[in-house]
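Below: the structure, in structure tokens.
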Amino acid sequence: MSIVIDRRLNAKKKSTVNRQRFMRRYKKHIKKAVSDAAKNRSITDVASGSDISISQKDLSEPIFHHGQGGRHRSVHPGNKEFIKGDRIKRPNSGGGQGGGLGKASNQGDGMDEFTFHINHDEFLEFMFEDLELPNLSEKELRDMVEFKIRRAGFVSVGSSDRLNIVRSLRSAHARRIALSGGSRREIRQMKRELREMEVQPESVDEKRATFLRAEIKRLNDKVRRLPFIDDIDLRYNNFVRLPQPSSKAVMFSVMDVSGSMTQEIKDLAKRFFTLLYLFLQRNYKCIEVVFIRHHTAAKEVDEEDFFYSRETGGTIVSSALELTRDTIIKRYSPKDWNIYVAQASDGDNWEGDSSVCTKILTKELMPLVQYFSYVEITDRQHQNLWREYETIQNQFQRSFAMEQIKSASDVYPVFRHLFAKREA
């Protein structure tokens, strides 16, 4: 069996082709390592590259080789422990096992795990694979700003970089046939007449033969003077800009920063929104993100204030929902935009406000949005806001989702569950 290995190097002296093939082959192991890394990282380095380790057992592969051939019998004396079909135990840990754990031993051998590094882009690719914004649909915009370039036949005038060589040569060949067709027919007729004269020498008219030879030469010179290719033969690829329906989307990131939100809970909320922001920036071009912080009052802020502002206060969740509703009405028409809302809170809300939140969501906000996701961050029992939202989830099962985060290791699995690809 022949094995061909492409060892061509890219600019950084790495075999890009083999690296990509290796990553496709061990995709399952890399995704698991990326998932484990994303669970335990801090906010600042959640998307940086990572070292991936694959055990030697998973790297082994079967091979074909030539056997000895024929029939062979062997006798292994001294075997009093095993019979056919028994499994041999793994050697004791110790020298050569590669893990560095366990006691020293004078038995056993093995190999270290294979470790390689994946960069920032590769890490994000595996981290956000099979994720999407649910219920994303195309919106027809009045002021169309997106266009797609498409082929639209050929034109006789254009820039040299769009010259279609095959079509130009075909046009030149057709022109030469059309212009020289009559002359070629006359040449064939004259040659046929000359051949008939040569067959019957006694009836040859020398004057006529001389005339035919001169006329054939003149017509051949005329045909040869035709240019092989002319300016009128040139054909250029034509491209047109066609307006396309836009899949523009806006994500409202709503975070509770009230006094009941401890620093640990806020860090978990920021970790969730960091993953969401990276996912949107990487997977979607036409996406806008609106950051809203709230305690007793809600405020639209920029990215810096959203993640690092220290403002706090009481808890009135309806203020954030009202601001989200008003912003949608003013700037993001549901006819033109896919609207998404992601809310993170510890679930502790002023008791009299939870019913107001239910009213705003069911009657005013949910009819406008494609998808609403709520994350409750607490390691205790569900709070009053969760119980209110359960009634909404039963009413809007396709466009409303709820999840609970208890620790840092839950952030990434919850994020993947909320934005996993769903069947149409």
Going by a ≥ b ≥ c, the root eigenvalues of the Cα gyration tensor, does the range 192-308 fall in the rounded group (a/c under 1.5), the prolate group (a/b larger than b/c) or the oblate group? prolate
For the range 249-418: rounded, prolate or oblate by the Cα gyration tensor [a/c cutoff 1.5]: rounded
Inter-part gap, Cα centre of the range 193-250 to Cα centre of the range 364-399, in whole angstrom, is 77 Å
If packing is taken as the average number of other Cβ atoms within 10 Å across a peptide's residues, how do 385-394, 292-301 rank, most packed first? 292-301, 385-394
Arrange the following residues from fewest to most other Cβ atoms within 10 Å of their Cβ: Lys27, Lys248. Lys27, Lys248
Sort the following peptides by mean Cβ neighbour count (other Cβ atoms within 10 Å, averaged over residues), highest first: 66-73, 178-185, 251-258. 251-258, 178-185, 66-73
Of Phe239, Phe372, Phe291, how do they rank once you tally other Cβ atoms within 10 Å and put the fewest first? Phe239, Phe291, Phe372
Select from Val254, Ser318, Leu275 the residue farthest towards the positive end of the dipole of the range 248-351; place +1 on Cβ of Lys and Arg, -1 on Cβ of Asp and Glu, and compute about the Cα centre. Leu275
Could you list, bin by bin from short to long, the percent of Cα-Cα pairs of the range 160-238 in 5 Å steps? 3, 14, 19, 14, 12, 10, 8, 7, 5, 4, 2, 1, 0
Amide H within-cut-off set for Met402, under 5 Å, with H built and near neighbours excluded: Tyr374
Under unit Cβ charges (Lys, Arg +1; Asp, Glu -1), what dipole magnitude, rounded to 20 debye, does the range 160-238 have relative to its Cα centre? 320 debye
Sorting Asp86, Asp267 on the 10 Å Cβ count, fewest up front, what's the list? Asp86, Asp267
Heads up, the range 381-424 by the C-alpha gyration tensor (a ≥ b ≥ c square roots of eigenvalues; a/c under 1.5 rounded, else a/b over b/c prolate, else oblate) looks oblate
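No value in this document is a laboratory result; all are computed from the given coordinates. This one's a predicted model, so the numbers in the text were calculated from it and none came from an experiment. Note that each Cβ is placed from the backbone with ideal geometry, even for glycine, and that neighbours are counted across all protein chains shown.
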